[in-house]
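Enquirer: Quick one: the structure is below, questions incoming.
The values are calculated or read from the model by the stated rules, or taken from the named source; none is laboratory data. Bear in mind the structure is a predicted one, so any value in this text is a computation, not a measurement. Neighbour counts are summed over all protein chains in view; Cβ atoms, including those assigned to glycine, are modelled from backbone coordinates with ideal geometry. Accessible surface areas use protein heavy atoms only, side chains included; no ligands, DNA or RNA. Shrake-Rupley method; radii C 1.70, N 1.55, O 1.52, S 1.80 Å.
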Amino acid sequence: DARVTQTPRDKVTEMGQEVTMRCQPILGHNTVFWYRQTMMQGLELLAYFRNRAPLDDSGMPKDRFSAEMPDATLATLKIQPSEPRDSAVYFCASGEDSHTEAFFGQGTRLTVV
Amino acid sequence: ILNVEQSPQSLHVQEGDSTNFTCSFPSSNFYALHWYRWETAKSPEALFVMTLNGDEKKKGRISATLNTKEGYSYLYIKGSQPEDSATYLCASLGSWGKLQFGAGTQVVVTP
């Protein structure tokens with residue numbers, strides 16, 4: 001049963017700490033998206049990749065967020081330093097190509113205290 | 001329209017009634033329009049992907065239409081059931097592969 005896997009499912013950290021969220025896209029999918037769930041904007045696009053190359057990360061606060069794909073089976077979203085306003089659920093999604101449906105992971109619930 | 005907009009934000013439907021709601025999206029650099037169903041405590045799941053003007057898709061009691069010239073799509077639920085309660089998201093896919101979501105329409109179906 002192919003699915004997008006995100007780890008950890010839940011993360012509580014103190015303000016100022018580094019947080020790394022991981023995503024394993026579905027094997028063979030070449031497009032990966034990172035979204036943040038917010039009350040006001042629903043799913044806010046942070047960054048996306050095609051064939052591991054970052055195409056757009058304009059949705060991310062550049063000074064503290066970074067997204068990478070070290071290989072085709074792993075995408076990472078890092079926050080350093082974390083702040084309480086970063087508390088949210090972060091979703092990763094992958095697609096067979098950029099023009100088909102996206103499959104979502106279960107999300108990482110981040111709480112920064 | 002610069003962003004993807006959905007209306008209404010929420011709606012309550014009596015079981016058995018039909019309903020519909022709207023997604024507006026930028027018509028420039030358009031490639032596809034996605035609809036997703038998002039149940040509480042779960043992840044969004046795709047309902048439809050539409051690309052052509054005039055496209056109509058149907059899955060059971062749920063259907064969708066697409067007008068790319070004026071930049072809108074409608075989602076219809078016929079004979080609503082309590083299990084249809086969810087947030088319905090639309091997303092616009094631009095020609096560069098950027099998939100941007102609207103804020104969603106929360107549907108509550110009461111018995």
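Enquirer: Using only the alpha-carbon atoms of chain B as identical scatterers, what base-10 log of I(q)/I(0) does the Debye formula give at q = 0.14, 0.15, 0.17, 0.19 Å⁻¹?
Expert: Taken in order of the listed q values, log10 I(q)/I(0) reads -0.50, -0.58, -0.74, -0.91.
Enquirer: Report the full-extension gain for the segment B:Thr51 to B:Leu11: residue separation times 0.36 nm, less the Cα-Cα distance, to one decimal in nm.
Expert: 11.7 nm
Enquirer: Moving on. Step through the table entries B:Lys58/B:Lys98; A:Lys78/B:Lys98; A:Lys11/B:Lys59; B:Lys57/B:Lys98, compare each Cα-Cα distance with 31 Å, and write down the pairs that go over it.
Expert: Pairs exceeding 31 Å: A:Lys11/B:Lys59.
Enquirer: Counting each pair of different Cα atoms once, what's the Kirkwood radius of region B:3-65 in Å, rounded to one decimal?
Expert: 13.5 Å
Enquirer: Just the number, please: carbon plus sulfur as a percent of the accessible area of region B:1-79, 1.4 Å probe, no ligands or DNA/RNA counted.
Expert: 43 percent
Enquirer: Here is a further query. From other protein chains only, count the Cβ atoms within 10 Å of every residue's Cβ in A:99-106, then give the mean. Write out the running numbers ahead of the final one.
Expert: Values: counts 8, 5, 13, 10, 4, 7, 1, 3.
Rounded to a whole number, the mean comes out at 6.
Enquirer: Let me ask something else. When you look at the Cβ of every residue in A:43-52, what mean number of other chain Cβ atoms sits within 10 Å? Show your work: numbers first, answer last.
Expert: Numbers: counts 11, 3, 5, 0, 0, 4, 1, 2, 0, 0.
Taking the mean over all residues of the peptide, I get 3.
Enquirer: Here is a follow-up. Within 10 Å of each Cβ in B:97-110, how many Cβ atoms from other chains are there, averaged over the peptide?
Expert: The per-residue average across the peptide is 4.
Enquirer: Give me the summed buried accessible area for the B-A pair, 1.4 Å probe, to the nearest 100 Å².
Expert: That pair hides around 1600 Å² of surface in total.
Enquirer: Could you state the principal axis extents of the C-alpha atoms in the protein assembly as shown, from the largest down, to the nearest angstrom?
Expert: 50, 37, 37
Enquirer: Hey, another quick one. Could you identify which residue out of B:Leu52, B:Leu75, B:Leu33 has the top mean-square fluctuation in a GNM of chain B using Cα springs shorter than 10 Å?
Expert: Answer for the Gaussian network model of chain B: B:Leu52.
Enquirer: Could you sort B:66-74, A:28-36, A:5-13 so that the peptide with the highest average Cβ count within 10 Å comes first and the rest follow in order?
Expert: Answer by packing, highest mean first, reads A:28-36, B:66-74, A:5-13.
Enquirer: Over region A:58-113, with the other protein chains present, what is the accessible area per residue in square angstrom, probe 1.4 angstrom? All intermediate terms of the calculation are to be shown ahead of the outcome.
Expert: Values: 2400 Å² over 56 residues.
The answer is 43 Å² per residue.
Enquirer: Given a 10 angstrom Cα cut-off, can you work out which residue in A:Thr20, A:Thr100, A:Thr73 is the most mobile in a GNM of chain A?
Expert: A:Thr100
Enquirer: Okay, next question. Computing the accessible area with a 1.4 Å probe over protein heavy atoms, can you report the carbon and sulfur percentage for chain A?
Expert: The nonpolar share, carbon plus sulfur, comes to 48 percent.
Enquirer: Can you tell me the accessible area per residue over chain B, all protein chains present, probe 1.4 angstrom, in square angstrom? Write down the numbers at each step before the final one.
Expert: Working: 5610 Å² over 111 residues.
The answer is 51 Å² per residue.
Enquirer: What does DSSP give for the protein assembly as shown in terms of the percent of beta bridges that are antiparallel, rounded to the nearest 5?
Expert: Of all bridge pairs located within the protein assembly as shown, approximately 90 percent are antiparallel.
Enquirer: Principal axes first, then extents: for the Cα atoms of region A:1-51, list largest minus smallest coordinate on each axis, whole Å, largest first.
Expert: 37, 24, 21
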